[in-house]
Each structure stands twice: as C-alpha cells, then as structure tokens.
Amino acid sequence: MHELHSINPTEKISYFSFTELRPAYFKAEVNYFLSQTSENISSLQVAANSIGIDLIATSVMELEALGTLKTRKINMIQGRATEMLG
C-alpha cells in the first residue's frame, strides 16, 4: 500500500524521493505545476516516467491554466475546467 505524502509548492522533489516512496501517482494543485520552471517540470516528468507514475494537476478551474498545463505536458487534470471541455 502506498502512503500519502504532501509537499509544499517551494519544496523540491528529488528522484530519490520518487524511487524510495514508489507512489502510484503524483498529484498536486495546479499552482504547484504552474509555479515551477520548465526545467523543474521536465525533471519531474523524467523521474515520473522512469518509474511509471502519472502526474495529476488538481483544482484546475480555468481553461487558461489548462492550456498552460497542456504545453507543459501535464495531461491528467481534476477540477472545474474538465466540465468546460465537453
């Protein structure tokens, strides 16, 4: 069973953290993904892909944020913006 771990938006996530914790997915509020540099997002994606986990953005309320997430290749979302897609 995977334990839940939370981080604050300014905390860096290391590859070691991912490989040791072995989460089923990484879920963070949209602000976390939007506040990170492109380099940090790329590193996070490489780490996530290497151990087969999904990155999920939560609390996505606006289509503008959805567009930014899409350009950053964060394709799994939760929030009100999903209702606007249909």
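The values are calculated or read from the model by the stated rules, or taken from the named source; none is laboratory data. Everything numeric here is computed off the predicted structure, so don't read it as measured data. Here the Cβ positions follow ideal geometry from the backbone for every residue, glycine too, while neighbour counts run over all protein chains shown.
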Problem - Search result, residues across the range 16-71 that are among the polar types (S, T, N, Q) and assigned to a loop (DSSP other than H, G, I, E, B) - result: Gln36, Thr37, Ser59
Exercise for the section: Quick one: Ala47 ticks every box in (1) surrounded by 13 or more Cβ atoms within 10 Å (Cβ to Cβ); (2) in contact with a helix residue (DSSP H, G or I) (Cβ under 7 Å, 6 or more places away or on another chain); (3) at pLDDT 90 or above except a single one, so which number is it? Expected result: (3)
